[in-house]
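I have placed the structure first, in the form of structure tokens, so that the comments after it can refer back to it.
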Amino acid sequence: MSDRGHIPESRQREAPRADLKWIGRSMKRVEDPRLLVGKGIYTDDVNLPEMAHAAVLRSPHAHARIVSIDVSRAAALPGVLCVMTGADAAKVCDPLPTWASPPVLQPVIADDRVRHVGEAVAAVAAEDRYIAEDACELIEVEYEPLPPVVDPEEALTSTGDAVLHPERGDTNIALERTLSFGPVEEDFAAADLVIERRFRWPRSGGQPLETVGAVASFDEGAGRFTIQCNTSMYNYCGWMIASTLRVAPHKLNIVPTLAGGSFGSKMFVHKVPVLAAVLARAVGRPVKFMEDRIDNTTSCDNHASDRVYYAKLALKRDGTLLSLKTRIIDDYGAFLQFGVGQHGNALSQCVGPYRINSVEVDLAAVLTNKCQQGAYRGFGSEVANFVIERLVDAAADELGVDRIALRRQNFIRPDQFPYLIPTGNMYDSGNYQAVLDETLKLADLEHWRAQQTEARKAGRYIGIGVATCQERSVFSATEFWMWNLEQGVEWTSSPDGVSVKIDPTGKAFVTLHSPFWGNSPETVAAQVLAEQLTIDPADIEITYSDTDQGLNSTGPGGSRFTVMVTGAIVGAASQIREKMLRIAAHLMEADVRDLALEDGAVHVKGVPDMKMSIAELADKAHYYRLSMPDDLDLTSGLDATYVYDHPVTTLPDPDERHMGIFYPIMGHSCHIPVVEVDVETGQVHFLHYAAVHDCGTMVNPMTLEGHIRGGTVNGIGTALFEEFAYDEAGQLTTALWTDYLIPTIKEAPADIVVGHVETPSPFTEYGVKGGGEGGRMGGPPAIAAAIEDALKPLGVTIDSLPLPPSRLRALIRKAQGRAA
Amino acid sequence: MAQVSVSFTVNGREVTATVDPRTLLVHFLREELKLTGTHVGCDTSQCGACTVHLDGRPAKSCALLAVQLEGCAITTIEGVAGADGMHPMQSAFKEHHGLQCGFCTPGMVMMGIDIASRHDAPSEETIRSELEGNLCRCTGYHNIVRSIAAGAQSMRG
Ligand code: FES
Ligand code: FES
């Protein structure tokens, strides 16, 4: 399989075991108490002496030249400290960080032209937010409208004034290229059947309850910024913000606050902290800028994939899947923060759980007059899941075979792992049959099939959908640049670090170098360290570092966190354990090989009375240097830092025959929703929902289930309601939560029955896999299939989302019209 | 704008302040009183993250002006716990994993306490219909419903 690359040896130190004490427990969360009593400090809760507040004037136009700006009335308003235009900002800062190569330049405040509704045109710092907002209303801007580019397929042919970034050439195509893996043409030639479909995946976004914010201050004496912010990746690439601010990287300290949810949307926020920082430097006082909801919906970093697919699946008459070809037009909006990383991501599992021999992806990433794309649960792979699952359903229908049976026939078998797919990515382990079987059990399929038959007789439309989806976890940095045509940022590291200290009394302290963004980092860290050192999680204190203290850490995102922090803690704890054993061996005059750490003490094996507790050893380690051997390693104290590298990655092949291993810790899920569609109103009701996930060894089943249920409801939002919809003029018509419909409790199924299969990873510590995104990666294709199944008597096909009642009614009307 | 004087109680404490009449209650609580447990999620009274109790009934504090509250009694998330640290409803959320990021949580807890005070042993259906005005983006609501049911039970003792 050399065309698909090679598989490195596993570096796993801790194999999964049955006798784990803390890993695998549904331990109550360490994070909760302060959040429950209203004492968690989110960004907006930070208050500094003399702090000023910012507001932003935003573009009402999708595309326009800025002819003039008059800020005089705003600047004269009492309480206003500073009004900053794009021209002012360009004097003090550089364009925002980007992974795109060649770059798409993005100013923090628009300078000569605006490229989407909501882009910042001016910013105000004032004594309070009310005054800052008043001042924005007093700024007069003259615009000269330019042609808005809204439709992604039309963007392929834009020229002249319709081009957003003329300095990149007379086109709105940011990147266009075809990648081909394996014998695509031969496989298509050998096919008996080719399924062809056009799919439309809508622009949605994470929309956490908390927007993005930053509190920045500038110490003029030290020439140094401090920014408190709800971003992630600050210990990976936070220094890029310093470059934008034109200070040396060590002249910026980014301090994380709690984040009130992210789902990817706060992966590496750049506009908000830079804006707060330039204002803080300008006014000589700390400045808080907290997006309001409309700031966030119109100009966040995180509108997600917005794609048109022309997809072809080649197969044999006997049901054998052969090859997949897709032409993708992805509407990136006005800028390209993460390059086309979303398409690197999608290559990781674009063949789903199936044995498909070859793949071709033809991508056109286009620039339009919309808010830029960022990350949202799936980061592009959720779309690939939708596409392959819809194609497999269509293939089954075309062949006249059962949709489930066709899946089973083509599943990668348990004995084939680790398995390299045509793009070169590895699936480390899996048991897709077992996941499907478990879901079928929970879904009570026979019961619902019978209900469906009865209902149809009564003129009611019940449908059952099945999706069997990959749930890749632990990204590697190569996904961000593998598509690039020109060399740019080409990192290959994506580690996470921790610092662990045992104090002289035996209490443990963990410093995480990645933030809390709604997941359970403290709980995970406490469980794994408790397991490693045989201590009680209640004796562990967890804090978060800033960039001054930070170790190289990529942070949550890409379902990385549990795997990576587990690995980092195993690394640090083993150093501490080794030191404790050496000290104990010396003090108890025993051979280190005869010692074992159990129940919080080092024992001489077989001599129950010969032991020293961790507290005793910590005391000795800290204060009794002269009782120790004169060994340079035995420094006073008991502490370790460890940066855990990605457990298994390889480089893309220089000739691009494959893209290397970049997203290998492969989970899997099966979702089976049962829906009833009211054909009169177009409403969809969930009658039942079963979801089984295989995320390897579970660290905390309770929190994993929380992610699965929450993610599934995100998926319901994507499938049925959510869309950042732009009209022909480029106006965002769903800018408030009155129109951008995130599921309320009424739209969420009363119960999502969750089950688990555990196929440990052979590459990660304890066999853990990530599970942060799976719900949204499995829900949409399953729901689409269920709706299609419900409407089968009418002959409705589902190939675009979302499906709010109005759209579903239109499809039903059309089908009924055809029938009539 | 002419400032207006207003007096009310917050978590049992008398508060008298002179405010700009357009000041929203949520901003007054957060900025003036530094009670930052009450959150702002949407600004348009969709999300309920800003829910407080106003004379014992839940209210979205982003949809009220501070000057409307003359003589009223406000309770925020910081004011519900007894001497022993957590209100039974707060403990129930911890026990049943009713929160992830915690941003909707103060509003959910305030709603939960209210639901429990008005319904004896609220059914799942009752809780679901009462929570229509509170959004959570993390949990899918399942565990919030369970938390409130359990919290209501422990409030009854
Ligand atoms: S902030 Fe009050 S309802 Fe959302
Ligand atoms: S716990 Fe995050 S919004 Fe509800």
### Query
Of all residues in the stretch B:62-101, which are within 13 Å of chain A (Cβ to nearest Cβ) and at positive phi?
B:85, B:97
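Going through the stretch A:250-287 one residue at a time, which ones are charged (D, E, K, R) and either within 22 Å of the chain's Cα centre (by Cα) or not in a loop (DSSP other than H, G, I, E, B) (or both)?
Filtering the stretch A:250-287 down to residues charged (D, E, K, R) leaves A:251, A:266, A:271, A:281, A:285.
Passing the criteria: A:251, A:266, A:271, A:281.
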### Message
Looking at the stretch B:114-131, can you tell me whether even one residue there is within 16 Å of ligand 2 (Cβ to nearest atom) and either under 20 Å from residue A:38 (Cβ atoms) or in contact with a strand residue (DSSP E or B) (Cβ under 8 Å, 6 or more places away or on another chain) (or both)?
### Response
yes
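Yes/no matrix, rows are residues, columns are (1) in contact with a helix residue (DSSP H, G or I) (Cβ under 7 Å, 6 or more places away or on another chain); (2) within 16 Å of ligand 1 (Cβ to nearest atom); (3) closer than 24 Å to residue A:517 by Cβ:
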{"position": "B:72", "(1), (2), (3)": "no, no, no"}
{"position": "B:93", "(1), (2), (3)": "yes, no, yes"}
{"position": "B:98", "(1), (2), (3)": "yes, no, yes"}
{"position": "B:108", "(1), (2), (3)": "yes, yes, yes"}
{"position": "B:114", "(1), (2), (3)": "no, yes, no"}
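Before we move on, is residue A:654 under 30 Å from residue A:761 (Cβ atoms), within 14 Å of another protein chain (Cβ to nearest Cβ) and surrounded by fewer than 24 Cβ atoms within 10 Å (Cβ to Cβ)?
Details: under 30 Å from residue A:761 (Cβ atoms): yes; within 14 Å of another protein chain (Cβ to nearest Cβ): no; surrounded by fewer than 24 Cβ atoms within 10 Å (Cβ to Cβ): yes.
No.
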### Task
Kindly list, by first and then second residue, each pair from a residue in the stretch B:134-154 that is free of Cβ contacts under 8 Å to residues at least 24 places away in the same chain to a residue that is within 9 Å of ligand 2 (Cβ to nearest atom) and assigned to a helix (DSSP H, G or I), limited to pairs with Cβ atoms under 7 Å and residues at least 6 apart or on different chains.
B:140/A:710
### Query
How about the stretch A:694-729: which of its residues are in a loop (DSSP other than H, G, I, E, B) and not small (Gly, Ala, Ser)?
A:695, A:698, A:699, A:700, A:722, A:723, A:724, A:727, A:728
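Can you work out which of the residues in the stretch B:9-26 that are assigned to a strand (DSSP E or B) and closer than 29 Å to residue B:101 by Cα is nearest to ligand 2 (Cβ to nearest atom)?
Step one: filter the stretch B:9-26 for residues assigned to a strand (DSSP E or B), giving B:9-10, B:13-19, B:24.
Now restrict to residues that are closer than 29 Å to residue B:101 by Cα: B:10, B:24.
Values: B:10: 24, B:24: 21 Å.
Among residues in the stretch B:9-26 that are assigned to a strand (DSSP E or B) and closer than 29 Å to residue B:101 by Cα, the one nearest to ligand 2 (Cβ to nearest atom) is B:24.
Which fully enclosed helices (runs of 4 or more DSSP H) of the stretch A:176-249 have 1 or more residues being buried (at least 24 other Cβ atoms within 10 Å of the Cβ)? Even if it seems obvious, please write down each step before you answer.
Numbers: elements: A:184-190, A:234-237, A:239-244.
Ranges flagged: A:234-237, A:239-244.
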#### Entry: Enumeration of residues in the stretch A:694-743 that are of a type in the set (Val, Ile, Thr) and either more than 14 Å from chain B (Cβ to nearest Cβ) or under 22 Å from the mean Cα position of the chain (by Cα) (or both)
A:697, A:699, A:703, A:708, A:712, A:713, A:716, A:718, A:733, A:742
### Query
Of A:428, A:496, A:437, which residue is more than 14 Å from chain B (Cβ to nearest Cβ), modelled with pLDDT of 95 or more and touching a helix residue (DSSP H, G or I) at 6+ places or on another chain (Cβ under 8 Å)?
A:496
### Message
So, residue B:29, is that one within 16 Å of ligand 2 (Cβ to nearest atom), more than 17 Å from residue A:36 (Cα to Cα) and either free of Cβ contacts under 8 Å to residues at least 40 places away in the same chain or outside any loop (DSSP other than H, G, I, E, B) (or both) or not?
### Response
no
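Taking the stretch A:338-366 as the search range and keeping residues that are among the small types (Gly, Ala, Ser) and not in a loop (DSSP other than H, G, I, E, B), which one is farthest from residue A:100 (Cα to Cα)?
Of everything passing the filter in the stretch A:338-366, A:358 is farthest from residue A:100 (Cα to Cα).
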### Restricting the stretch A:413-437 to residues that are buried (at least 18 other Cβ atoms within 10 Å of the Cβ) and of a type in the set (Gly, Ala, Ser), the residue that is farthest from residue A:477 (Cα to Cα)
A:430
### Task
Test residue A:706 against the stated conditions and say whether it is under 30 Å from residue B:40 (Cβ atoms) and either at pLDDT below 95 or in contact with a His (Cβ under 6 Å, 6 or more places away or on another chain) (or both).
yes
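Only one of A:522, A:541, A:486 is among the charged types (D, E, K, R) and under 30 Å from residue A:777 (Cβ atoms). Can you tell me which? Outline the logic, then answer.
Details: A:541 fails: under 30 Å from residue A:777 (Cβ atoms); A:486 fails: under 30 Å from residue A:777 (Cβ atoms).
After applying the criteria, what remains is A:522.
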#### Entry: Whichever residue in the stretch B:45-61 is away from ligand 2 (no atom under 16 Å from the Cβ) and within 14 Å of chain A (Cβ to nearest Cβ) and, among such residues, is surrounded by the fewest Cβ atoms within 10 Å (Cβ to Cβ)
B:45
### Message
Quick check on the stretch B:111-132. Is at least one of its residues under 22 Å from residue A:210 (Cβ atoms) and more than 9 Å from chain A (Cβ to nearest Cβ)?
### Response
yes
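Please pick out the residue among B:146, B:156 that is within 29 Å of residue A:689 (Cβ to Cβ) and either more than 9 Å from chain A (Cβ to nearest Cβ) or of a type in the set (D, E, K, R) (or both).
On the way: B:156 fails: within 29 Å of residue A:689 (Cβ to Cβ).
Going through B:146, B:156 in turn, just one is within 29 Å of residue A:689 (Cβ to Cβ) and either more than 9 Å from chain A (Cβ to nearest Cβ) or of a type in the set (D, E, K, R) (or both): B:146.
Does residue A:563 qualify as being outside any loop (DSSP other than H, G, I, E, B), surrounded by 22 or more Cβ atoms within 10 Å (Cβ to Cβ) and within 20 Å of the chain's Cα centre (by Cα)? Lay out the reasoning, then the answer.
Values: outside any loop (DSSP other than H, G, I, E, B): yes; surrounded by 22 or more Cβ atoms within 10 Å (Cβ to Cβ): yes; within 20 Å of the chain's Cα centre (by Cα): yes.
The answer is yes for residue A:563.
Is it the case, given these coordinates, that residue A:88 is more than 14 Å from chain B (Cβ to nearest Cβ), charged (D, E, K, R) and outside any strand (DSSP E or B)? Before you say what the answer is, go through the steps one by one.
Details: more than 14 Å from chain B (Cβ to nearest Cβ): yes; charged (D, E, K, R): yes; outside any strand (DSSP E or B): yes.
Spelling it out, residue A:88 is indeed more than 14 Å from chain B (Cβ to nearest Cβ), charged (D, E, K, R) and outside any strand (DSSP E or B).
The values are calculated or read from the model by the stated rules, or taken from the named source; none is laboratory data. Predicted, not measured: the structure shown is a model, and the values here were computed from it. Reconstructed Cβ throughout: ideal geometry from the backbone, glycine too, with neighbour counts over all protein chains shown.
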